[in-house]
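Undergrad: Submitted below is the structure of interest, expressed as structure tokens.
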Amino acid sequence: MTDDLAGARVGPEGTGAGAAPLLEVRGLRVAFPLERRTVYAVQGLTFEVHAGERLGIVGESGSGKSVSAQSIMRMVPFPGKVTGGQVLFEGRDLLGIPDAAIRSVRGSKIGMVPQNPLSSLNPVITIEAHFREVLSRHLGLSRSEARVRAVELLGSVGIPDPAQRLHEYAHRLSGGQRQRVIIALAIACRPRVLIADEPTTALDVTIQAQILQLFDELVAGANLGAVLITHNLGIVAAHCDRVVVMYAGRVMETAPVVELFRSPSHPYTVGLLRCVPRVAMHKARVFATIPGLPPQVTELRDGCPFAPRCDRVSEQCRRETPALADIAPGHALACWNPVTDAAARAEAASV
Amino acid sequence: MSPSAALGPGASQVVGERQEALLEVDGLVVHYRITGAGKVFRKHETVHAVDGVSFDLAPRETLGLVGESGCGKSTTGRTVLYLERPTSGRVRFEGRDLSELTPGELTALRSRMQIVFQDPIGALNPRHTVGQLISEPLRVHDLVPKARRRERVEELLGLVGLPADAASRFPHEFSGGQCQRVGIARAIAAEPALLVLDEPVSSLDVSVQAQILQLLVDLQERLGLAYLFIAHDLAVVGEMSDRVAVMYLGKIVEIAERDALYARPHHPYTQALFSAVPVPDPAVRTGRDGAVVSGEVPSSLSPPPGCRFHTRCPLAQERCRAEEPSLEPVGQGHEVACHFAEAAATARPFGRLATDG
């Protein structure tokens with residue numbers, strides 16, 4: 001089952017072979033053994049993140065995108081287990097190092113912004129205590145040094161009156177401000193990689209726009225490698241450089257963002273692009289849909305996981321699993337019958 | 001109970017040729033008294049959830065109600081059905097003033113107006129089968145004799161695109177999208193004229209979201225329903241609505257025919273919403289020119305004086321801080337509550353909007 005490893009290596013255009021990626025995930029597999037069945041959440045995920053690059057991972061619920069992010073940091077919730085693959089960071093495989101070593105990477109060299117800003121802060125300690133914990137654990141800062149740095153960090157993420165905010169508890173802050181605090185915590189130790197898992201789903205659109213703008217500034221300012229996990233193709237279009245489209249735990253298609261939107265080739269990508277509601281000029285009467293539901297993979301069998309919902313399905317799709325293969329520089333695809341029709345693509349890109 | 005028998009005189013005056021209104025909402029105010037923290041004694045405060053909202057809705061029409069969380073859109077939706085009593089203001093449905101009805105009459109009238117909730121799974125009793133859930137409104141309103149209920153449930157399941165054997169299964173056996181279909185089947189079981197749709201697709205995946213929107217559009221055409229479509233997503237609202245009302249802190253700041261609003265939004269807040277929508281096209285980068293609206297929605301415990309948006313509005317002037325703007329017409333059926341509506345429409349304080357092709 002190493003077909004995905006042998007498949008295309010996902011690299012950004014223009015970086016050339018010289019630049020080594022900051023973070024490299026190879027053939028990652030995650031499974032959740034449950035009482036009566038096993039859910040194969042991720043089945044051979046491969047991608048790279050370079051400095052200054054924003055990689056978007058898109059997929060619907062159950063596609064394995066969040067579990068992938070968690071497994072990079074070895075934080076897959078019980079009973080999930082990483083069953084294969086490598087996560088290469090600074091020359092080491094994070095999946096193979098001892099627990100103590102991963103703890104010095106987590107929250108320090110790799111920062112994580114979790115999905116729910118409302119429940120990710122500890123309600124019974126002050127904002128300052130959150131910073132003190134991170135800064136003394138990873139950087140060994142004293143109480144007063146940590147306070148100075150915390151004020152600086154809160155200021156840099158746009159919290160008004162940061163010195164005052166330090167003494168407050170999470171419930172006194174709005175959702176947007178809590179997400180800013182969480183971002184400040186994630187970048188407190190100057191990480192090289194920032195992983196944001198649906199950072200704005202719980203927020204209103206105007207606040208979402210503010211947070212994503214902050215995300216862009218931070219990535220550009222510190223030359224971070226960023227992984228942005230989202231289900232929103234609009235966010236991907238505006239805030240990512242490269243995209244990995246996941247479905248049922250597999251990579252369906254990956255490409256630089258402009259290329260993906262200009263010439264989507266996997267029927268799933270095309271379908272997804274068609275479904276996205278757009279601020280169009282007229283009321284819709286007919287909505288593009290993908291029939292059926294996203295699956296939960298509980299048995300390993302050959303064949304494309306999208307075949308039951310695909311309008312281009314053939315006998316081969318049901319029998320053999322397509323491997324991820326390059327179709328253009330930086331553009332890889334796992335499909336036996338890709339969409340090549342320019343008309344269908346154009347329709348998907350600009351309904 | 002015939003829908004056309006008791007139409008009142010208050011037909012729409014907003015737009016000339018519109019037909020008699022199915023639903024008229026006039027000066028709706030919903031305040032909640034709460035006990036908040038005080039220095040020594042707890043003090044009483046008032047949440048200004050809805051502060052003077054008026055609109056009407058014609059049969060078979062869809063009015064979209066958009067705004068951010070806390071703007072009062074859901075409260076408006078619930079109050080329209082008298083699930084909550086307004087503090088003041090009037091709701092007329094099919095010509096009858098809801099405040100004048102006895103509880104019995106109100107229950108009877110509810111078969112004509114139903115609601116679909118945001119959380120599709122949470123809205124269904126997990127201990128009831130789908131069949132029980134869908135036959136509940138039939139039983140409550142005594143619409144179908146017991147012997148024929150099963151048949152009607154199967155018919156309703158077919159209407160919303162679920163297999164007939166779903167009737168004997170429980171909600172947990174279904175996905176979010178399928179549960180929402182059950183919620184819709186429950187709502188249309190009583191053959192209503194009005195459906196309040198409170199964020200019906202916001203918790204669903206895009207591919208499933210499109211399926212549910214298609215179902216709603218088809219049902220509207222087949223059953224002649226009017227929709228009050230509540231959502232925070234301008235793209236979804238735009239796809240569904242004939243007219244759109246934008247709410248901010250308990251008030252409607254702009255209301256217009258869908259096409260007019262999307263072609264030329266006047267109110268700076270409407271523009272802010274449009275500029276914040278992420279556009280699924282890498283070539284279009286809205287909000288990139290630093291034109292993201294700043295600040296957050298102020299507390300509805302003490303809304304700002306004057307125009308409620310002035311704390312975040314780049315065009316705000318002295319007058320906006322002192323004097324509250326009322327909804328004034330700027331075109332056919334297009335009303336805006338802004339002292340500088342025309343200037344704002346031209347000034348474009350938030351730059352490129354998602355509607356700009």
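The values are calculated or read from the model by the stated rules, or taken from the named source; none is laboratory data. A quick note: this is a predicted structure, and the numbers were derived from the prediction, not measured. As a convention, Cβ positions derive from the backbone with ideal geometry for all residues, glycine included, and neighbour counts pool all protein chains shown.
Undergrad: Just checking, which of A:Thr289, A:Thr269, A:Thr254 is out of contact with any His (no Cβ under 8 Å at 6 or more places or on another chain), among the hydroxyl-bearing types (Ser, Thr, Tyr) and either away from every other protein chain (no Cβ under 14 Å) or outside any loop (DSSP other than H, G, I, E, B) (or both)?
TA: Just a single option satisfies the conditions, and that option is A:Thr269.
Undergrad: Right, something else. For region A:200-213, state whether one or more residues are more than 14 Å from every other protein chain (Cβ to nearest Cβ), surrounded by fewer than 24 Cβ atoms within 10 Å (Cβ to Cβ) and under 18 Å from the mean Cα position of the chain (by Cα).
TA: Looking through region A:200-213, none of the residues is more than 14 Å from every other protein chain (Cβ to nearest Cβ), surrounded by fewer than 24 Cβ atoms within 10 Å (Cβ to Cβ) and under 18 Å from the mean Cα position of the chain (by Cα).
Undergrad: Continuing with the same structure: Identify, please: which residue in region A:233-251 is at the interface with chain B (Cβ under 7 Å from one of its Cβ atoms) and either touching a strand residue (DSSP E or B) at 6+ places or on another chain (Cβ under 8 Å) or in a strand (DSSP E or B) (or both) and is, among those, surrounded by the fewest Cβ atoms within 10 Å (Cβ to Cβ)?
TA: As a first pass, look at region A:233-251 and keep what is at the interface with chain B (Cβ under 7 Å from one of its Cβ atoms): A:233-235, A:237-238.
Then keep just the ones that are either touching a strand residue (DSSP E or B) at 6+ places or on another chain (Cβ under 8 Å) or in a strand (DSSP E or B) (or both); that gives A:233, A:235.
Values: A:Leu233: 26, A:Ile235: 24.
Among those residues, the one meeting the criterion is A:Ile235.
Undergrad: Can you find a residue in region A:296-305 that is among the polar types (S, T, N, Q) and in contact with a strand residue (DSSP E or B) (Cβ under 9 Å, 6 or more places away or on another chain)?
TA: Within region A:296-305, one or more residues are among the polar types (S, T, N, Q) and in contact with a strand residue (DSSP E or B) (Cβ under 9 Å, 6 or more places away or on another chain).
Undergrad: Further question on the same structure: Any chance region A:24-36 includes a residue that's modelled with pLDDT of 90 or more, crowded, with 21+ Cβ neighbours inside 10 Å and outside any strand (DSSP E or B)?
TA: no
Undergrad: Do we find that A:Gln164 is more than 20 Å from the chain's Cα centre (by Cα), surrounded by 22 or more Cβ atoms within 10 Å (Cβ to Cβ) and of a type outside the set (Lys, Arg) in this structure?
TA: So A:Gln164 does not fit the description; no.
Undergrad: Checking the structure you have, find out if any residue of region B:327-344 is farther than 26 Å from B:Phe229 by Cα, buried (at least 18 other Cβ atoms within 10 Å of the Cβ) and of a type outside the set (Phe, Trp, Tyr).
TA: There is at least one residue in region B:327-344 that is farther than 26 Å from B:Phe229 by Cα, buried (at least 18 other Cβ atoms within 10 Å of the Cβ) and of a type outside the set (Phe, Trp, Tyr).
Undergrad: Let me ask you something else. Have a look at B:Leu133, B:Leu138 and point out the one that is part of a helix (DSSP H, G or I), touching a residue at least 12 places away in the same chain (Cβ under 8 Å) and either in contact with a Cys (Cβ under 6 Å, 6 or more places away or on another chain) or more than 28 Å from B:Glu61 (Cβ to Cβ) (or both).
TA: Details: B:Leu138 fails: either in contact with a Cys (Cβ under 6 Å, 6 or more places away or on another chain) or more than 28 Å from B:Glu61 (Cβ to Cβ) (or both).
After applying the criteria, what remains is B:Leu133.
Undergrad: Sticking with this one: Residues that are surrounded by fewer than 17 Cβ atoms within 10 Å (Cβ to Cβ) and under 30 Å from B:His232 (Cβ atoms): does region B:144-156 have at least one?
TA: no
Undergrad: With a cut-off of at least 3 residues that are buried (at least 20 other Cβ atoms within 10 Å of the Cβ) and away from chain A (no Cβ under 14 Å), name the strands (runs of 3 or more DSSP E) lying wholly within region B:163-272.
TA: B:194-198, B:226-231, B:251-257
Undergrad: Might you let me know whether region B:318-331 holds any residue that is within 14 Å of chain A (Cβ to nearest Cβ), touching a Gly at 6+ places or on another chain (Cβ under 8 Å) and more than 27 Å from B:Asp56 (Cβ to Cβ)?
TA: no
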